[in-house]
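The values are calculated or read from the model by the stated rules, or taken from the named source; none is laboratory data. Given the structure is predicted, the values throughout are model-derived calculations rather than measurements. Every residue, glycine among them, receives a Cβ derived from its backbone with ideal geometry; neighbour counts consider all protein chains shown.
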Number of protein chains: 2
Amino acid sequence: MMLTVTLNAALDLTYRVPALTPHTTHRVTEVIERPGGKGVNVARVLAALGHEVTVTGFAGGGTGRVLRERLADEPRVTVAFAPVAGATRRTVAVADAATGDTTQLNEPGPTVTPAEWAAFLDTYEALVHRPGTTAVALCGSLPPGVPVGAYALLVRAARAAHVPVLLDTSGEPLRRAVAARPDIIKPNAEELAELTGFHEPVRATRDARRRGAHAVVASLGADGLFALTPDGGWQARPPAPVRGNPTGAGDSAVAGLLSGLAEGLPWPDRLARAVALSAATVAAPAAGEFDRTTYEDLLTRVAVTGRRAAA
Amino acid sequence: MMLTVTLNAALDLTYRVPALTPHTTHRVTEVIERPGGKGVNVARVLAALGHEVTVTGFAGGGTGRVLRERLADEPRVTVAFAPVAGATRRTVAVADAATGDTTQLNEPGPTVTPAEWAAFLDTYEALVHRPGTTAVALCGSLPPGVPVGAYALLVRAARAAHVPVLLDTSGEPLRRAVAARPDIIKPNAEELAELTGFHEPVRATRDARRRGAHAVVASLGADGLFALTPDGGWQARPPAPVRGNPTGAGDSAVAGLLSGLAEGLPWPDRLARAVALSAATVAAPAAGEFDRTTYEDLLTRVAVTGRRAAA
C-alpha cells in the first residue's frame, strides 16, 4: 500500500464556456467536477495502474464531503483525510471552447488550526507505521495555518518509520524539507533553480543532493526527466514530442517514481515508467487522465541515457 | 407562513481577485458562499424582516446539501426542497478588486426527471394546502427537464388552494403562466416588453393584465415600480437616486410585494415597502443584503403617485 499526502486537497471544477469575456455573464455549457490536489492526482494514477493507495491530508466542509465520497467510490483507493473545520478549496478552470485556452481561479483553502495540524500528525504517524506501507509521497502547497516546516517533519517521520519518501513541493517548504533527507525530490526546472540558484540541470541537481535529497529528479517538460541519484545519473526522454494538455503530467511522473520506489525498481526503469506515464497524460483527451495504450507503447520506447555510479 | 419556490436554486459563490485576466492563473483572495436563486433570496429578505417563510424547489448533490444546511441555520426559514439526483448548480461571480466589475459564470443546473418533477408537485400541493400558508412566490428560471408550462400548473394549484400567488419569471414560462391568472407578476421593463410587445409601461401593463395577470408590477430600475392593479394604478419611486450594487434588488422588491400581499396591505403601502426594500438592497455593502436603517428611513419617504380605480 502506497500513501499520498495532500495537505491542500481540492475539488477541481472545469467549466466549458463559448468564450470568456470579463465583466459579462456566461452560461456554463459543461461542468466537470473531480477530486484534485497533487497527491490526490498521484493516487488516482496509481490506482488506475492497479496499485492499492491511501490518500490523506485535510478535507472539510461540503466540498470536503464530496471529495471523500468521490474518492471512496474509486477502486483501490482508501480515504484517510483528517478533518478541518473550514471547507476544502475549489479550483475552477474556465475552458474557452473557441481557443481551448483556460483561465484558472484557485481558492486559497481552509486555514488549519494548530489542533487540526496536531490531529493530522497523529493520523499520518499511524499511516506510515502501518504494516504494508511501502512508500509515501508528499505533494503540493501548504494550506494557510500549516507551519512552513511541515514537510520536514513529515519526511523525518517517514524515515523514522523506515518508509521511503518522495517530496514534490516548492519554495520554502521544499528548502526546509530537503534538509530532512527525503529519498526523492521531483522539482521542475524553475523550482530547482529557486532551491539551488543554478539553472543548469547537472549543477542544480548536484547542489540539491548536497542539501540533503538522496535523489533528485528534475522534470524538464518536453525533455523528460533528469535524475541524479546515489546509483548514478540519467536522462529519460519520450521517443517523440507529445502534443496535448500538460495538466497533471507532473503528478503522473510522481506516480511512476513512487511505484518504482515502492517496488525497488532500478532507476532507469523508474524513470522510463515516469516519463511514459507523464507523456501518456499529456496525450490523453481529458486533463489529468492518462491514456493506457499510449503508456504501454511508450514504456518500451523511452530513451534512458546516463551511467551507473562507481560502486 | 409565506412560501417561496426556487426550481433552479443555486449555491452562489463570489470570488474576489485583484484583476481577472483571461488565460492566466488567479489566486482568489476571498470566497463568499451563500444560498442563492431568486426565491431563496426573497425568503432571506422576508426572514430578515421577521416573517416565517418556507423555501421549496429542488436541491441535490453536495451543493444541494450545503444549500439545505445553510438555509436551515437561518432563523425563521423552513427548508422543504424536493430531492433531485443531479447536483444543485453553482454560480460564480468573479469580482475585480481593481474595477469593482464582476464576471458571472452560471452552471446550468441539474436535469430534472419526470419522476422528480412529479414528486415536487406533491410536495408543493401539500405546502400550498397547509393551514397558515398566506402567499406563495414562484421565482426564477426553469432548470432543464422541467416542462415550460410548469409555472402555469403551480399558479393554478395555488389558486385552487385559495393562496394568493406572485410570479417572477420571464420568457415562455411567464407567457404560459400569465394565462393561469396569477395575482401578481413582477417583470422588469425588458421582460414585460418581451411578453406584450409594448415598451411603454402603461400600455404594456394593461396588455399583461388583459393576458390574465390580476396585477402587474413593472420594475423600472432607478424609476422604482409601476403597478397596474384591480384597485388602481400607481408609480412608486425612491426619494433620491440610490448608488450601489443592484444585485438582488428585484428579489427584495418581490419580498416587499409578497409580504404586502400576505398581509392584505393597500397597494400604495405594498409598493412603498417594495421600493424601500429594493433601494435599501442597492445601498447595502454586501450584494443581496439590505440595509435596515436605509429601509426604515426610505419607507416613509417613497413617493407613491397614482389613483385608485373607480369602485
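What do you reckon, is residue A:112 in contact with a Ser or Thr (Cβ under 6 Å, 6 or more places away or on another chain) and either charged (D, E, K, R) or touching a residue at least 24 places away in the same chain (Cβ under 8 Å) (or both)? Break it down into steps so the answer makes sense when it comes.
Numbers: in contact with a Ser or Thr (Cβ under 6 Å, 6 or more places away or on another chain): no; either charged (D, E, K, R) or touching a residue at least 24 places away in the same chain (Cβ under 8 Å) (or both): yes.
Judged against the criteria, residue A:112 is not a match.
Being of a type in the set (Asp, Glu), farther than 22 Å from residue A:53 by Cβ and under 19 Å from the mean Cα position of the chain (by Cα): is that true of residue A:172 here? Can you show your working first?
Numbers: of a type in the set (Asp, Glu): yes; farther than 22 Å from residue A:53 by Cβ: yes; under 19 Å from the mean Cα position of the chain (by Cα): yes.
Yes.
With the condition kept exactly as written, say whether any residue in segment B:284-304 is in contact (Cβ under 8 Å) with a residue 12 or more places away in the chain, part of a helix (DSSP H, G or I) and within 24 Å of residue B:37 (Cβ to Cβ).
yes
Look through segment A:88-108, keep the residues that are under 22 Å from residue A:144 (Cα atoms) and part of a loop (DSSP other than H, G, I, E, B), and return whichever of them is modelled with the lowest pLDDT.
A:108
Could you check segment A:1-87 for strands (runs of 3 or more DSSP E) lying wholly inside it with 2 or more residues that are in contact with a Cys (Cβ under 7 Å, 6 or more places away or on another chain)?
Because the criterion is at least 2 residues that are in contact with a Cys (Cβ under 7 Å, 6 or more places away or on another chain), the strands (runs of 3 or more DSSP E) in segment A:1-87 that meet it are A:2-6.
For residues that are closer than 27 Å to residue A:260 by Cβ and surrounded by fewer than 24 Cβ atoms within 10 Å (Cβ to Cβ), tally how many sit in segment A:34-71. Please lay out each step first, then the result.
We begin by selecting, within segment A:34-71, every residue closer than 27 Å to residue A:260 by Cβ; these are A:34-57, A:71.
So of that shortlist, the ones also surrounded by fewer than 24 Cβ atoms within 10 Å (Cβ to Cβ) come out as A:34, A:47-52, A:54, A:71.
Number satisfying all stated conditions: 9.
Test residue B:168 against the criterion of being in contact with a Cys (Cβ under 6 Å, 6 or more places away or on another chain) and either buried (at least 16 other Cβ atoms within 10 Å of the Cβ) or free of Cβ contacts under 8 Å to residues at least 60 places away in the same chain (or both), and give yes or no. Give the steps one after another, and end with the answer.
Numbers: in contact with a Cys (Cβ under 6 Å, 6 or more places away or on another chain): yes; either buried (at least 16 other Cβ atoms within 10 Å of the Cβ) or free of Cβ contacts under 8 Å to residues at least 60 places away in the same chain (or both): yes.
It is true that residue B:168 is in contact with a Cys (Cβ under 6 Å, 6 or more places away or on another chain) and either buried (at least 16 other Cβ atoms within 10 Å of the Cβ) or free of Cβ contacts under 8 Å to residues at least 60 places away in the same chain (or both).
Report yes if residue A:307 is more than 30 Å from residue A:162 (Cβ to Cβ) and either surrounded by fewer than 24 Cβ atoms within 10 Å (Cβ to Cβ) or not hydrophobic (A, V, I, L, M, F, W, C) (or both), otherwise no. First the steps, then the outcome.
On the way: more than 30 Å from residue A:162 (Cβ to Cβ): no; either surrounded by fewer than 24 Cβ atoms within 10 Å (Cβ to Cβ) or not hydrophobic (A, V, I, L, M, F, W, C) (or both): yes.
No.
Evaluate segment A:245-253: report whether one residue or more is more than 23 Å from residue A:91 (Cβ to Cβ) and either in contact with a helix residue (DSSP H, G or I) (Cβ under 6 Å, 6 or more places away or on another chain) or of a type outside the set (Ser, Thr, Tyr) (or both).
Step one: filter segment A:245-253 for residues more than 23 Å from residue A:91 (Cβ to Cβ), giving none.
Scanning segment A:245-253 turns up no residue that is more than 23 Å from residue A:91 (Cβ to Cβ) and either in contact with a helix residue (DSSP H, G or I) (Cβ under 6 Å, 6 or more places away or on another chain) or of a type outside the set (Ser, Thr, Tyr) (or both).
Would you say residue A:94 is at the interface with chain B (Cβ under 10 Å from one of its Cβ atoms) and either buried (at least 20 other Cβ atoms within 10 Å of the Cβ) or touching a residue at least 24 places away in the same chain (Cβ under 8 Å) (or both)? Break it down stepwise before answering.
Working: at the interface with chain B (Cβ under 10 Å from one of its Cβ atoms): yes; either buried (at least 20 other Cβ atoms within 10 Å of the Cβ) or touching a residue at least 24 places away in the same chain (Cβ under 8 Å) (or both): yes.
For residue A:94, the condition - at the interface with chain B (Cβ under 10 Å from one of its Cβ atoms) and either buried (at least 20 other Cβ atoms within 10 Å of the Cβ) or touching a residue at least 24 places away in the same chain (Cβ under 8 Å) (or both) - is met.
Could you say which residue among B:256, B:244 is of a type outside the set (Ser, Thr, Tyr) and outside any loop (DSSP other than H, G, I, E, B)?
Values: B:244 fails: outside any loop (DSSP other than H, G, I, E, B).
Every option except B:256 fails the conditions.
Of all residues in segment A:177-197, which are touching a Gly at 6+ places or on another chain (Cβ under 6 Å) and buried (at least 24 other Cβ atoms within 10 Å of the Cβ)? Working first, answer last.
Applying the first criterion (touching a Gly at 6+ places or on another chain (Cβ under 6 Å)) to segment A:177-197 yields A:178-179, A:181.
The answer is A:178, and nothing else.
Being small (Gly, Ala, Ser) and surrounded by fewer than 18 Cβ atoms within 10 Å (Cβ to Cβ): is that true of residue B:222 here?
Working: small (Gly, Ala, Ser): yes; surrounded by fewer than 18 Cβ atoms within 10 Å (Cβ to Cβ): yes.
The answer is yes for residue B:222.
Hey, can you tell me all the residues within segment B:97-129 that are over 30 Å from residue A:105 (Cα atoms), surrounded by fewer than 16 Cβ atoms within 10 Å (Cβ to Cβ) and not polar (S, T, N, Q)?
B:114, B:115, B:118, B:121, B:122, B:125, B:126, B:129
Can you tell which of B:305, B:293, B:300 is within 27 Å of residue B:207 (Cα to Cα) and out of contact with any Gly (no Cβ under 9 Å at 6 or more places or on another chain)?
Values: B:293 fails: within 27 Å of residue B:207 (Cα to Cα); B:300 fails: within 27 Å of residue B:207 (Cα to Cα).
Among B:305, B:293, B:300, only B:305 is within 27 Å of residue B:207 (Cα to Cα) and out of contact with any Gly (no Cβ under 9 Å at 6 or more places or on another chain).
If I filter segment B:268-298 down to residues being crowded, with 23+ Cβ neighbours inside 10 Å and not aliphatic (A, V, I, L, M), which single residue comes out as modelled with the lowest pLDDT?
Step by step, filter segment B:268-298, then rank; the result is B:290.
Which of the residues belonging to segment B:130-164 are farther than 25 Å from residue B:51 by Cβ and crowded, with 21+ Cβ neighbours inside 10 Å?
B:143, B:146, B:150, B:152
Report whether or not residue B:55 is at the interface with chain A (Cβ under 9 Å from one of its Cβ atoms) and at negative phi.
Values: at the interface with chain A (Cβ under 9 Å from one of its Cβ atoms): no; at negative phi: yes.
Criteria not met by residue B:55.
If you check B:24, B:88, which single one turns out to be of a type outside the set (Lys, Arg) and within 10 Å of chain A (Cβ to nearest Cβ)?
Numbers: B:88 fails: within 10 Å of chain A (Cβ to nearest Cβ).
None of the other options fit; the residue is B:24.
Which residues, taken from segment B:58-83, are more than 9 Å from chain A (Cβ to nearest Cβ), under 21 Å from residue A:90 (Cα atoms) and of a type in the set (Gly, Ala, Ser)?
B:59, B:60, B:64
Which one of B:250, B:212 is in contact (Cβ under 8 Å) with a residue 40 or more places away in the chain and small (Gly, Ala, Ser)?
On the way: B:212 fails: in contact (Cβ under 8 Å) with a residue 40 or more places away in the chain.
Result of the check over B:250, B:212: B:250.
When you go through (1) at pLDDT below 95; (2) crowded, with 23+ Cβ neighbours inside 10 Å; (3) of a type outside the set (Lys, Arg) one by one for residue B:174, which number turns out not to apply?
(1)
May I ask you to say which residue of A:128, A:155 is in contact (Cβ under 8 Å) with a residue 40 or more places away in the chain, at negative phi and either of a type in the set (A, V, I, L, M, F, W, C) or within 14 Å of chain B (Cβ to nearest Cβ) (or both)?
Details: A:155 fails: in contact (Cβ under 8 Å) with a residue 40 or more places away in the chain.
Of the residues listed, the single one that is in contact (Cβ under 8 Å) with a residue 40 or more places away in the chain, at negative phi and either of a type in the set (A, V, I, L, M, F, W, C) or within 14 Å of chain B (Cβ to nearest Cβ) (or both) is A:128.
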